[in-house]
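K.L.:
Attaching a single structure in structure tokens format; questions to follow.
The values are calculated or read from the model by the stated rules, or taken from the named source; none is laboratory data. No experiment lies behind these values; they were computed from the predicted model shown. When we count neighbours, we look across all protein chains shown, and the Cβ atoms used for this are built from the backbone with ideal geometry, even at glycine.
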Amino acid sequence: MRAAVRLVCVVASVFALAACDDKPAPGAAASTTVVASAAPTLAAPTATVTAAPAMSAIQMPPRPVPLGSSGPIQPSAPADQQMMAIAYTLAMVTPRGNDPLTADKAYTADIVPKLAVAVRAADKGKTPPDPVKLQKGDRKLEVQMGKGCTDRVPSALIKGAGSTLKAAYDAGVLVISCHDDKWECHQSTRDVADVLCHAAPRH
């Protein structure tokens, strides 16, 4: 009888141990809770990340006159219009995202003497010595002349030098300008319609 009782107790103990093994350990339950609560916080930062604007999306400052009109901005123009002209012409020669990274020195070395010949043929006054200057890190070709600088002269000069606005742009030159005793006209090589003239007496 006693042997039978002992057998029943042993069997009951085995089943009790088996039942205990089926329950998750306290550590496992805790780790499950941590993972579950941590999952949302891992995804949160990706929702708040914003991409930086591309350089090509940077807009030009306000133009003092509509695109397609070259002005000129007169010396008597309101101060805010003159400041807009300065800011705009500086932005014209500032590289942007889609522009060539640098100016092609072989192109500029070739075009400078050709532009000098072209301006001497087109000048209505006395052409200064060494009339073509590379400015703004070779991004601007500035042509000095005695008289006759108008909005059409820069594109005519580059054509007279055997080149084009597109070829100048592809070589990293962003602006071609003429500058006489009264005016300076800035021709963008990005857009043939983007020409702006303003009073700029040469001293």
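K.L.:
Can you tell me which residues in region 122-140 are touching a strand residue (DSSP E or B) at 6+ places or on another chain (Cβ under 8 Å) and either touching a residue at least 24 places away in the same chain (Cβ under 8 Å) or not assigned by TED's automatic domain parsing to the domain that holds TRP183 (or both)?
P.N.:
Matches in region 122-140: LEU134, GLN135, LYS136, ARG139, LYS140.
K.L.:
So ILE111 ticks every box in (1) out of contact with any Pro (no Cβ under 6 Å at 6 or more places or on another chain); (2) surrounded by 15 or more Cβ atoms within 10 Å (Cβ to Cβ); (3) within 17 Å of LEU196 (Cα to Cα) but one. Which box is left unticked?
P.N.:
Looking at each condition in turn, ILE111 falls short on (3).
K.L.:
One residue is enough: does region 156-175 have a residue meeting the conditions out of contact with any strand residue (DSSP E or B) (no Cβ under 6 Å at 6 or more places or on another chain), polar (S, T, N, Q) and closer than 25 Å to SER69 by Cα?
P.N.:
The answer is yes, given that some residue of region 156-175 is out of contact with any strand residue (DSSP E or B) (no Cβ under 6 Å at 6 or more places or on another chain), polar (S, T, N, Q) and closer than 25 Å to SER69 by Cα.
K.L.:
Could I ask something else about it? Among the listed residues VAL112, VAL119, VAL192, identify the single one that is in a loop (DSSP other than H, G, I, E, B), among the hydrophobic types (A, V, I, L, M, F, W, C) and assigned by TED's automatic domain parsing to the domain that holds GLN82. Reasoning before the result, please.
P.N.:
Working: VAL112 fails: in a loop (DSSP other than H, G, I, E, B); VAL119 fails: in a loop (DSSP other than H, G, I, E, B).
Answer to the check: VAL192.
K.L.:
Of the residues GLY172, GLY162, GLY146, which is assigned to a loop (DSSP other than H, G, I, E, B), touching a Gly at 6+ places or on another chain (Cβ under 7 Å) and more than 18 Å from MET60 (Cβ to Cβ)? Before you say what the answer is, go through the steps one by one.
P.N.:
On the way: GLY172 fails: touching a Gly at 6+ places or on another chain (Cβ under 7 Å); GLY162 fails: touching a Gly at 6+ places or on another chain (Cβ under 7 Å).
Going through GLY172, GLY162, GLY146 in turn, the sole match is GLY146.
K.L.:
Right, here's the next one. Identify, from the list VAL153, VAL195, VAL119, VAL173, the residue that is over 29 Å from the mean Cα position of the chain (by Cα), surrounded by 23 or more Cβ atoms within 10 Å (Cβ to Cβ), at pLDDT 95 or above and of a type in the set (A, V, I, L, M). Give the steps one after another, and end with the answer.
P.N.:
Values: VAL153 fails: over 29 Å from the mean Cα position of the chain (by Cα); VAL195 fails: over 29 Å from the mean Cα position of the chain (by Cα); VAL173 fails: over 29 Å from the mean Cα position of the chain (by Cα).
Residue meeting the stated conditions: VAL119.
K.L.:
On the basis of being more than 21 Å from ALA171 (Cα to Cα) and in a loop (DSSP other than H, G, I, E, B), does PRO75 make the cut?
P.N.:
Numbers: more than 21 Å from ALA171 (Cα to Cα): yes; in a loop (DSSP other than H, G, I, E, B): yes.
Taking the combined requirement at face value, the residue satisfies it.
K.L.:
Within region 89-101, does at least one residue satisfy the condition of being assigned to a helix (DSSP H, G or I) and either modelled with pLDDT under 95 or more than 30 Å from ALA199 (Cβ to Cβ) (or both)?
P.N.:
Within region 89-101, none of the residues are assigned to a helix (DSSP H, G or I) and either modelled with pLDDT under 95 or more than 30 Å from ALA199 (Cβ to Cβ) (or both).
Matching residues to (1) under 21 Å from ASP99 (Cβ atoms); (2) of a type outside the set (A, V, I, L, M); (3) outside the structural domain of LEU101 (by TED's automatic domain parsing); (4) not in a strand (DSSP E or B):
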| position | (1), (2), (3), (4) |
| --- | --- |
| GLU142 | yes, yes, no, no |
| ASP151 | no, yes, no, yes |
| ALA156 | no, no, no, yes |
| ALA168 | yes, no, no, yes |
| SER177 | yes, yes, no, no |
